[in-house]
Amino acid sequence: MATHKPTLYLETTVPSYLTARPSRDVVVLAHQQLTREWWEGPLADFDIMVSEVVLDEARRGDAVAARARLAVLAPFAVLPVTVDVERLAQVYVRELRMARDALRDALHIAIASVHEIDYLLTWNCRHIASGRTRRGVRDVNSREDLKTPTICTPEELLHDYGSSE
């Protein structure tokens, strides 16, 4: 019997940390290292998906860095941004009182929710992987009768799916 891999939506901060030059900020450097460890290990345990929002964000900035980000994202399926996704993102912005500049972050969450993705992986702990956002998304999605993805960082999944050290 074939086993079903959990689905995972990969938000832009993860490939950004993976492909960036090592940071001088020790916290960011640790996140970069954890991202590499996750990429080399538990990544294979998931059916990975991205969206046009991720690809658009990955194209921004330095051309060399953008090519590196797009190269690591190339193998993954691309989920569409539908009318339902756009509507739900607006609900998140309004009800979670997200800053207007956080619409793209709300879109990532809405894409994972509408497409019934198991995990949303991110290093964006301000607008996506925060306790307040997780709770608000759960409440909105419950009311909307939508599955809520598990929003987490590579560090959390590394501990869950990585080695048993």
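Every number here is computed from the coordinates shown, using simple stated rules; none is lab data. Source: prediction; values computed, not measured. Cβ sites come from the backbone with ideal geometry, for glycine too, and all protein chains shown count toward neighbours.
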Most mobile of Gly61, Gly41, Gly136 per a Gaussian network model of the chain (Cα springs, under 10 Å)?
Gly61
Provide the FRET efficiency to the nearest 0.05 for the Asp145-Val83 pair, computing r from the beta carbons and using R0 = 25 Å.
0.90
Cα-projected label distance for Val91 with Val27, points at 7 Å along beta-carbon direction, nm:
3.2 nm
Relative contact order as a percentage, the chain, C-alpha pairs under 8 Å and 6+ apart, gives 28 percent
Would you kindly compute the Cα radius of gyration of segment 7-158 and its largest Cα-Cα separation (Dmax), both in Å?
14.7, 44
Give the residue from Ala99, Met49, Val28 lying farthest towards the positive end of the charge dipole for segment 7-158; charges sit on Cβ (+1 for Lys and Arg, -1 for Asp and Glu) and the dipole is referred to the Cα centre.
Ala99
Quick check for you: which residues of segment 96-129 have the amide N under 14 Å from the point 7 Å beyond the Cα of Arg135 toward its beta carbon?
96-97
So which trypsin sites (Lys or Arg not before Pro) in segment 63-97 end up in coil per DSSP with only 11 or fewer other C-beta atoms within 10 Å?
Arg97
Asp56-Arg100 pseudo-label distance in nm [points 7 Å out on the Cα-to-Cβ vector]:
1.7 nm
